[in-house]
Amino acid sequence: MNKAPARTIAVRLLALGAEGDRVLPGLERSLLKAWTALGTLEVGRACAGDDTRLAGRTLAGWCARGRADVVFTVGRAGHLRGDFAPELAAALIERPLPGIEERMCLAPPCRPEDLLFRGRAGFRGTTLLVNLPARAARAAVILRMLAPVVGHALDKARGDAGECGRSGDGR
């Protein structure tokens with residue numbers, strides 16, 4: 001049996017608003033638990049509060065020249081007037097991933113208000129950028145949902161031209 005090569009994934013967490021800062025430690029624990037099979041995670045975190053300029057500079061810096069493999073924003077992705085994460089992400093994302101965006105809204109356990117989440121997901125260069133909600137339980141569900149696909153997505157973003165389907169799966 002071939003074992004997958006060990007990899008190190010640089011993950012960055014950016015808290016937005018007071019609610020993002022409040023859930024960041026628990027979110028980091030959820031991330032480490034959900035993504036343990038992917039390899040070694042190097043997690044860094046910062047807080048931009050409600051400062052959109054600081055948030056934009058921080059995200060762009062993390063995405064520049066592959067400094068981070070995956071970047072998550074936490075908070076400010078809802079429907080309130082002051083929620084700016086989706087617009088900030090949309091300005092940075094070069095290749096959107098609408099399938100992930102849709103699944104983030106519909107992943108169980110689904111509450112009616114989860115449909116008001118406006119998170120974005122996509123690539124800037126080779127960095128995967130994803131908005132997460134500030135509700136810790138909801139963010140943990142999304143992290144678990146992403147775990148099986150993030151390694152493949154990162155490989156493809158870095159130029160892996162190999163076949164996506166598994167041999168023998170009938171497709």
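Quick notes on this structure:
- Only one of the numbered conditions (1) exposed (fewer than 14 other Cβ atoms within 10 Å of the Cβ); (2) within 17 Å of the chain's Cα centre (by Cα); (3) within 18 Å of Ala157 (Cα to Cα); (4) of a type outside the set (A, V, I, L, M) is violated by Arg7, and that is (2).
- Filter result for Ala91 (surrounded by fewer than 16 Cβ atoms within 10 Å (Cβ to Cβ), more than 20 Å from Ala10 (Cβ to Cβ), hydrophobic (A, V, I, L, M, F, W, C) and touching a residue at least 24 places away in the same chain (Cβ under 8 Å)): yes
- Arg118 being within 21 Å of Asp21 (Cα to Cα), at pLDDT 90 or above and part of a helix (DSSP H, G or I): no
- Top-ranked residue in region 30-59 [being surrounded by fewer than 13 Cβ atoms within 10 Å (Cβ to Cβ) and of a type in the set (Lys, Arg); ranked as nearest to Asp83 (Cα to Cα)]: Arg53
- Qualifying residue in region 107-118 (condition: in contact with a His (Cβ under 7 Å, 6 or more places away or on another chain) and either closer than 26 Å to Lys156 by Cα or in contact (Cβ under 8 Å) with a residue 60 or more places away in the chain (or both)): yes
- On inspection, Leu129 qualifies as within 16 Å of the chain's Cα centre (by Cα), part of a strand (DSSP E or B) and at pLDDT 95 or above.
- Checklist (1) at pLDDT below 90; (2) in contact with an Asp or Glu (Cβ under 9 Å, 6 or more places away or on another chain) applied to Glu113, failing item: (2)
- Number of the condition not met by Arg124 [criteria: (1) free of Cβ contacts under 8 Å to residues at least 60 places away in the same chain; (2) out of contact with any strand residue (DSSP E or B) (no Cβ under 7 Å at 6 or more places or on another chain); (3) crowded, with 16+ Cβ neighbours inside 10 Å; (4) farther than 15 Å from Ala77 by Cβ]: (1)
- Applying the criterion of at least 3 residues that are out of contact with any helix residue (DSSP H, G or I) (no Cβ under 9 Å at 6 or more places or on another chain) and modelled with pLDDT under 95 to the helices (runs of 4 or more DSSP H) found wholly in region 1-105 leaves 17-34.
- Tally, over region 64-88, of residues that are touching a strand residue (DSSP E or B) at 6+ places or on another chain (Cβ under 7 Å), buried (at least 23 other Cβ atoms within 10 Å of the Cβ) and not small (Gly, Ala, Ser): 7
The values are calculated or read from the model by the stated rules, or taken from the named source; none is laboratory data. Only a predicted model underlies this, so the values are computations on that prediction, with no experimental measurement involved. FYI the Cβ positions are ideal-geometry reconstructions off the backbone, even for glycines, and counts take in every protein chain you see.
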